[in-house]
Every structure is written in structure tokens, then in C-alpha cells.
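For reference, the structure is listed below as C-alpha cells.
Bear in mind that the values in this text are calculations on the coordinates, not laboratory data. Being a predicted model, the structure only gives us computed values, none of them experimental. Counting neighbours? That spans all protein chains shown, and the Cβs are built from the backbone with ideal geometry, glycine included.
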Amino acid sequence: MSTASFLDRMLDPVTDSMSREFAESLVALKADGEMLARIEYLRQKANEGSLSPEEDAEYKEFVEALDVLSILQAKAKQSLVRQAD
């Protein structure tokens with residue numbers, strides 16, 4: 001079982017009880033311009049293989065956070081569809 005599917009399953013009880021307002025807030029969540037610029041900077045350095053150890057840790061944290069956020073947003077979208085029925 002992959003980590004994503006484990007996390008996805010673990011979040012079922014949480015997302016099943018999401019309010020419409022909370023689900024909409026999760027779906028609309030986006031990084032601000034400063035964060036996007038930092039992510040792009042780290043992405044370029046990662047592609048070049050020139051990240052410092054601190055930058056590497058920061059970039060890995062971003063990737064992990066993005067994975068979790070993507071799962072939460074997908075579950076929030078499912079919740080909104082269910083609530084619309």
C-alpha cells in the first residue's frame with residue numbers, strides 16, 4: 001500500500017464530516033507569490049543538482065506538504081460533490 005493511499009484512507013473520517021465552507025476553503029487554497037517564487041527557485045536548483053542540505057530539506061518538505069494538500073483538496077472536492085447530491 002502506498003503512503004498516499006494510506007493517508008487517503010486515514011483521512012476518510014475527517015473529510016466525510018467536512019462542512020461545505022471548510023471544503024470550499026481547502027479547494028481554494030493556493031500558495032502566495034512569494035512562496036511560488038521560492039518553490040520555483042528550489043525546483044531549478046534541484047534540477048541542476050545544486051541544492052544545499054538546508055535547501056534540500058526545505059524542498060523535500062514542500063513536496064511532502066504538496067502531496068498532503070493535494071489529497072486533502074481531492075477529498076474536499078469529493079465532499080462538495082456528495083453534498084450537492
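Observations, loosely collected:
- Label-to-label distance, nm, for residues given as Val81 and Ser52 (7 Å Cα→Cβ offset): 4.5 nm
- Stretching the chain fully between Leu29 and Asp67 yields a gain of 12.3 nm (0.36 nm per residue, less the alpha carbon separation).
- Segment Phe6-Ile39, length gained on full extension (0.36 nm per residue, minus Cα span): 9.2 nm
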